[in-house]
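Structure record follows, encoded as structure tokens.
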Amino acid sequence: MDPDLVGGAQVRKGGEGRKYAERRKSPEERKRVKQVGGGKTEPVVQKTRKDAGQERARSQREQQPERERGSAALSPKEQQRKRYLERKAAERGEPQAKSADELLRVKKPEKKVDPNYTPRKSTGLSRQERIARDRKGERALKDIMRGQEREKASKKGEKPSKGEITKRVQARWK
């Protein structure tokens, strides 16, 4: 037998504490991208989980019972009383609690997508760059407002301090 094919069907251990072979896509295959700034994007790299390759106990994977089996069952007399109360509630016209089957049967209507919908176009700027751009614009606008406040004050013959002008601008900004 060819030595390259020997043991080909065995499970190979993956790197980084992984139990099985790596199934992650290469950066070229990845579709999700993030903005890195300067109008450039790069593929999003998925981080390895901290607990990769560790066996978890059943108590951590599944919800454990809180009481012993069958303890939720009603006695015959309690069942009879429950049915009686349900009948009386129905006679009074009170809304009935739906059974699990009825709740599961209800299908939610699918949301219709507008045929003219187009997703927002990416600016290519990272979060920091967007914030910086917005702050730059706000700063320029506040400077214009400061100039307006100074002109108003000079027409009235006032000489307000820088702090007073800033207060007036802040009051207008709201």
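The values are calculated or read from the model by the stated rules, or taken from the named source; none is laboratory data. This structure is a prediction, so every number in the text was calculated from the model and none was measured. Heads up, the Cβs are rebuilt from the backbone with ideal geometry, glycines too, and the neighbour counts pull from every protein chain shown.
Key figures
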quantity: Residue count, the stretch 156-168 (criterion: loosely packed, with under 10 Cβ neighbours inside 10 Å and closer than 17 Å to Ile144 by Cβ); calculated: 1
quantity: Wholly within the stretch 64-174, helices (runs of 4 or more DSSP H) carrying at least 2 residues that are within 30 Å of Gln35 (Cα to Cα); calculated: 127-156
quantity: The stretch 28-45 residues that are loosely packed, with under 11 Cβ neighbours inside 10 Å, paired with ones that are in a loop (DSSP other than H, G, I, E, B) and not basic (Lys, Arg) (beta carbon under 6 Å, 6 or more apart); calculated: Arg32/Val44
quantity: Conditions (1) of a type in the set (A, V, I, L, M, F, W, C); (2) at pLDDT below 80; (3) part of a loop (DSSP other than H, G, I, E, B): number failed by Val45; calculated: (2)
